[in-house]
Amino acid sequence: MLFIDSAAFDAVLNWMANGLLDFSGWQVFFVILGLTHVTIASVTIFLHRHQAHRALDLHPIMSHFFRFWLWMTTGQVTKEWAAIHRKHHAKCEQAEDPHSPHVHGIKTVLFTGAELYRKESKNKETLSRYGHGTPDDWMERNVYSRFSWQGVALMLIIDVALFGFLGLTVWAVQMAWIPITAAGIINGAAHYWGYRNFEAHDASANISPWGILIGGEELHNNHHTYPTSAKLSVKPYEFDLGWTYICILQFFGLARVKKTPPVLAYGEVRPVADEKTLEALIANRYEVMASYARQMRSVFREEVANAKLDASILKVAKRWIHRDGDKVPAEAQAPLSATLAAYPVLDKMLAMREELRQIWLNTSHNREQLALDLQAWCKRAEESGIAALRDFSTQLRAARA
């Protein structure tokens, strides 16, 4: 009885209930948001943009902070993460892609994406081929890589000490945050649902124009279009929180941005398309084709105002008419073909789109011949009798690299 009534026992009970900080439920909730957000920032800035893609340089102080934080909150080995992500880009949507929902299934990636990472991390060939340039100092070899699970164990001790038994929940949320948001949502949903600004070669999509919850990673189509860019937003209405943090770090001399998305500039309209026009087209091909897609959607609205086809057919055609032919699913082929047959202007614009795309895909022609091909394309576009094609060609002749 003396032990039960002791002040020490009461102190233990109080610690178990409230921890050292004695925070309220709402305070703990906001602490969780803060802790998980630091982890998200560490992944997107350090692992993704700095290590995997070399889009920016980080000061050693920031680089080591991110490594230490990720060791405690994810147990992630930098070389493994960078290698797996680089392989994802190199083999995107192919059988070798470590976590494509089009290969493994959307449910598998959404709910067990972390397991796909663990499986691929055992692939020595992946690490050897794609893991170059990652940290290989004493701390990495003797602590972070060698004792990867001890970091999360240390985080568990800290959480329980600060929040009592509620610290177990805090720790569990921290451990689940990256597997859910990055391994699940970004690797799964961002290759399955969303909007596309650009016709990247894969199925990547932007989940949301405001990249806040996952630090800007929501802008996944933008990233796959310009993978070496430190900035993931490209439209005026898009927001990349990770980029905001990078700008702050750069202001204080803790980061140096190496690359951002190219910006298509315009000058005076050249009399004919030349090699400078070709250079601008190739350097900004994704933005050029996005502009062409906007023209096609505008013409589509005008053409189908007096509907000749069923609304359901036009709805499918509207979604896929501006996409690369190899990206159009089988079930959309018939509605799209019916629409093109009913509207010759749209058929012509789609054919001209493919001809323009083939200019930079044609590896058998030299630079001079490609410039002549582009010149001939512009001539046909301006003589087509289609105002949208004429205006687009005129604008293209004003493009600057």
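The values are calculated or read from the model by the stated rules, or taken from the named source; none is laboratory data. Not measured: the values here are computed from a predicted model. Neighbour counts are summed over all protein chains in view; Cβ atoms, including those assigned to glycine, are modelled from backbone coordinates with ideal geometry. Only protein heavy atoms, including side chains, enter the accessible area calculation; ligands, DNA and RNA are left aside. Shrake-Rupley method; radii C 1.70, N 1.55, O 1.52, S 1.80 Å.
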Practice prompt. Sort out which residues of the range 368-395 are touching a Leu at 6+ places or on another chain (Cβ under 7 Å) and touching a residue at least 40 places away in the same chain (Cβ under 8 Å), and write them in order of number.
Written response: L370, A371, L374, W377, C378
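Would you kindly identify the helices (runs of 4 or more DSSP H) lying entirely within the range 223-319 that contain at least 2 residues that are in contact with a Leu (Cβ under 7 Å, 6 or more places away or on another chain), open to solvent by less than 50 Å² (accessible area, probe 1.4 Å) and of a type in the set (A, V, I, L, M)?
Working: elements: 241-251, 275-283, 285-303.
Hits in the range 223-319: 275-283, 285-303.
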Item to complete: Among the residues of the range 36-52, count how many are surrounded by fewer than 20 Cβ atoms within 10 Å (Cβ to Cβ) and either among the aliphatic types (A, V, I, L, M) or farther than 27 Å from T260 by Cα (or both).
Response: 2
Worksheet item: Does any residue in the range 111-122 that is under 19 Å from A189 (Cβ atoms) come within less than 7 Å, Cβ to Cβ, of a residue that is open to solvent by 20 Å² or more (accessible area, probe 1.4 Å) six or more places away or on a different chain, and which pairs are these?
Response: G113/P179; A114/P179; L116/H104
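Counting only residues that are β-branched (V, I, T) and closer than 20 Å to P98 by Cβ, which one in the range 158-198 is surrounded by the most Cβ atoms within 10 Å (Cβ to Cβ)?
Just the residues of the range 158-198 that are β-branched (V, I, T), to begin with: 158, 160, 169-170, 173, 178, 180-181, 185-186.
Subsequent filtering for residues that are closer than 20 Å to P98 by Cβ retains 178, 180-181, 185-186.
Numbers: I178: 27, I180: 17, T181: 21, I185: 20, I186: 25.
Here the residue is I178.
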Worksheet item: Looking at W377, W360, which one is modelled with pLDDT of 90 or more and either open to solvent by less than 70 Å² (accessible area, probe 1.4 Å) or under 30 Å from the mean Cα position of the chain (by Cα) (or both)?
Response: W377
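Condition first: open to solvent by 10 Å² or more (accessible area, probe 1.4 Å), part of a loop (DSSP other than H, G, I, E, B) and touching a residue at least 24 places away in the same chain (Cβ under 8 Å). Now tell me which residues in the range 199-213 satisfy that.
Within the range 199-213, the subset open to solvent by 10 Å² or more (accessible area, probe 1.4 Å) is 199, 201, 203, 207-210, 212-213.
Checking which are part of a loop (DSSP other than H, G, I, E, B) leaves us with 199, 201, 203, 207-209, 212-213.
Residues satisfying the conditions are E199, H201, A203, P209, I212, L213.
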